[in-house]
Each structure stands twice: as structure tokens, then as C-alpha cells.
Amino acid sequence: MDKLIITNCAADTSMHPGVPARFADSNTLAASVEEASRAGAAIAHIHAPPNNFDAWESHSKAIRDRCGVMLQYGISTQSVEQRREVIKNKPEMISVALNAHSLVFLNRDMMMLHPREELEELMRMCNDNGVKPEFEVFGLGEMWLLNDLAEKGLIEPPFILTIFFGRPGGCWSPATMEEFLNRTAGLVDGSVYVTSVTDPNAINMHTMAVMRGGHVRVGSEDEPYLAPGVLGDNGEHVVRMARIAGDLNREVATVDEARDILKIPA
């Protein structure tokens with residue numbers, strides 16, 4: 001079993017009312033990411049406004065000045081043209097939604113199609129820039145789309161998948177052990193999966209991922225509460241996850257070890 005890769009989703013949440021937004025400022029974001037990196041996170045999943053290219057650059061520089069964590073650019077609703085701008089910052093990964101977005105956020109409903117032509121163009125962009133796609137997966141139907149890209153020679157394993165549970169809206173799937181087992185059993189060969197959970201019992205499913213050889217994504221965006229009513233900073237979420245992994249006799253991957261597992265060169 002590979003060492004555990006911990007991704008820190010260091011972004012403001014769009015799903016939890018009353019949680020203060022903090023990470024528009026690059027220095028505040030970078031300080032939180034650095035703390036999470038010291039606790040064991042090998043990847044930082046970050047956001048900025050889709051069309052604010054200066055913010056993407058500023059966030060990236062501030063984090064890279066502080067630590068060597070791999071950068072994963074979120075906001076998979078960006079257009080192809082917007083992605084052409086932000087990919088110039090050379091993140092290690094960008095998030096790619098394999099299927100249509102159907103999510104309910106605090107201030108809006110998100111409905112957006114991602115046709116195969118868009119996916120193919122994004123894969124060519126990633127290949128041209130040496131950036132690894134990280135695929136957002138909400139259901140097993142998306143494995144057909146992943147296979148389609150692989151059969152066209154646009155992607156090669158390992159396929160990095162973030163499998164989501166509990167996100168509100170039409171992409172919702174229950175945060176249950178039964179759903180976890182069903183979803184992970186149907187993944188394409190060559191997949192490396194990361195479990196992301198929006199649910200008060202997220203820690204149970206993260207623990208299941210640790211036990212079954214998967215990886216985890218924790219932090220301020222997905223499920224910001226350590227316990228009901230108890231907000232945790234990103235470092236605190238990663239500390240808890242690393243402690244659980246240690247109790248289960250699974251080592252946490254360093255950045256270099258995570259790069260090796262995911263085949264992402266320095």
C-alpha cells in the first residue's frame with residue numbers, strides 16, 4: 001500500500017453558512033497552507049476568482065515562497081480561455097470536471113455542461129504545459145468519460161481522481177460506507193483516488209480511505225468543522241488526518257514521495 005497523500009483544500013467554503021471567508025489575501029492563504037504542509041499535506045488545492053489572473057499568480061508565488069507543497073488549481077468551472085491564462089503559472093495539477101456541474105452553493109445554483117470537446121482541449125493544454133489533470137468525480141458514469149480520454153491517447157495513468165461525497169445538488173451522493181465501497185470498486189484501472197467529503201461524519205469516510213489504500217482531501221473548503229460547532233484551520237485538519245493514519249500504521253507521504261506516486265516530476 002502506498003503512503004497516504006493528504007491534499008489540503010485551502011479555500012473558502014461555498015457550502016457552510018456562517019463560516020468566515022479568509023483566503024482572498026495571498027499572505028493569509030500562504031500562511032495556512034504552510035502550516036498544513038508542515039503537518040503533512042503534500043498538495044494544496046487553492047482557488048481564486050476565475051477571471052482574476054493576478055490573484056492566481058499572487059497566491060501561487062506566496063505559497064511557493066513559503067513551502068514546497070504541490071499546487072492544485074481548483075475552480076473547474078473556468079473556461080478554456082481562462083485556463084490558458086492560469087496554467088502559465090505552472091501548477092502541478094488543475095481540477096477538471098469530467099461531467100456536468102450540478103451543485104447548490106450558498107449564494108447560487110451551479111449548472112454547467114462540460115462537453116467532451118472541452119475535456120479534450122483541456123487535456124491537450126495540460127500535456128503542452130506539463131500539468132497533470134486532477135479529475136473531479138461525482139459518480140461512476142464519469143469512468144466512461146475517463147476511458148474515452150484514455151482511448152484517445154490524451155491521458156496516461158496514474159489517473160488522479162478526487163471522488164466527492166455529500167456535495168449538495170444534483171451531483172450529490174451519500175456519505176456512507178456502502179456508497180464509498182461501490183464507488184471505489186468501479187474506478188478505472190490505473191486510478192489513484194482522493195476522498196473528499198462534505199458531511200459532519202467526513203472523518204469516518206476519510207478513515208475508510210486510509211484503511212483501503214486511498215488518499216484524502218481535508219480542509220476549509222469541503223468540511224471546515226472538526227466537530228459540530230468547532231471550526232478547524234487547515235493545519236488542524238491535516239494534523240488530525242496524519243494522526244489517524246499513524247494509528248492505522250500507514251505512513252504519510254512527503255511531497256517528493258507524493259510526486260513519485262502520482263508521477264509528477266519536480
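Expressed to the nearest 5 percent, the antiparallel share of DSSP beta bridges inside the stretch 1-126 is 30 percent. Heavy-atom accessible area, probed at 1.4 angstrom with all protein chains present, ranks Thr176, Thr162 as Thr176, Thr162, highest first. Each part reduced to its alpha carbon centroid, the stretch 51-77 and the stretch 176-211 end up 27 Å apart.
Taking all protein chains together and a 1.4 Å probe, the residues Ser173, Ser102 rank Ser102, Ser173 from largest to smallest accessible area.
Toward the positive end of the charge dipole of the chain, about the Cα centre and with charges on Cβ (Lys, Arg +1; Asp, Glu -1), which of Asn8, Val216, Ala242 goes farthest? Result: Ala242, furthest along the dipole toward the positive end.
Evaluate the relative contact order of the stretch 12-171 (contact order divided by residue number), counting alpha-carbon pairs under 8 angstrom at least 6 apart; express in whole percent.
Computed value for the stretch 12-171: 20 percent relative contact order.
Rounded to 0.05, the FRET efficiency of the Arg108 and Thr176 pair, given R0 = 30 Å and the Cβ-Cβ distance, is 0.65. Accessible area per residue was computed with a 1.4 Å probe on protein heavy atoms; Met211 scores about 100 Å². Neighbours of Ile163, meaning other residues whose beta-carbon lies under 15 angstrom from its beta-carbon, give a summed charge of -4 when Lys and Arg score +1 and Asp and Glu score -1. Local charge for Leu140 was computed over the other residues whose Cβ lies under 12 Å away, with Lys and Arg +1 and Asp and Glu -1, and equals -1.
Placing +1 on each Lys and Arg Cβ and -1 on each Asp and Glu Cβ, with no other charges, gives the chain a dipole about its Cα centre of roughly 300 debye. For Lys132, the aspartates and glutamates whose Cα comes closer than 12 Å to its Cα, not counting residues fewer than 8 places off in the same chain, are Glu92, Glu156. Per residue, the stretch 108-211 exposes 44 Å² of solvent-accessible protein surface, assessed with a 1.4 angstrom probe and all protein chains in place.
Per the Kirkwood treatment, what hydrodynamic radius in Å, one decimal, follows for the stretch 28-144 from the mean inverse distance over all distinct Cα pairs? It would help to have the intermediate numbers written out before the result.
Details: mean 1/r = 0.0664 Å⁻¹.
Kirkwood radius, the stretch 28-144: 15.1 Å.
For Phe53, Phe180, the ranking by accessible surface with the largest value first comes to Phe53, Phe180, using a 1.4 Å probe.
Multiplying the residue separation of Glu121 and Thr254 by 0.36 nm and removing their Cα-Cα distance gives an extension gain of 44.7 nm.
A simple spin-label model places pseudo-atoms 7 Å from Cα toward Cβ; at Arg243 and Lys61 they are separated by 3.8 nm. Surface calculation, 1.4 Å probe, protein heavy atoms: Arg250 sits at approximately 20 Å² accessible. Within the listed set Gly169, Gly232, Gly153, the Gaussian network model of the chain (springs between alpha-carbon atoms below 10 Å) gives the highest mean-square fluctuation for Gly153. Of all DSSP-defined beta bridges confined to the chain, some 15% are antiparallel rather than parallel. Charges were assigned to the Cβ only: +1 to each Lys and Arg, -1 to each Asp and Glu. The resulting dipole of the stretch 86-237 about its Cα centre is roughly 100 debye. Kirkwood radius, the chain, all distinct C-alpha pairs, inverse of mean reciprocal distance: 18.3 Å. Solvent-accessible surface (1.4 Å probe) assigned to Cys67 amounts to roughly 30 Å².
Most simply put, the stretch 56-149 has about 35% antiparallel DSSP beta bridges, counting only bridges with both residues inside it.
The values are calculated or read from the model by the stated rules, or taken from the named source; none is laboratory data. Predicted model, so just to flag it, every value in this text is computed and none were measured. Glycine gets a Cβ as well: all are built from the backbone with ideal geometry, and neighbour counts include every protein chain shown. Protein only, heavy atoms only, side chains kept; ligands, DNA and RNA dropped before computing areas. Shrake-Rupley method; radii C 1.70, N 1.55, O 1.52, S 1.80 Å.
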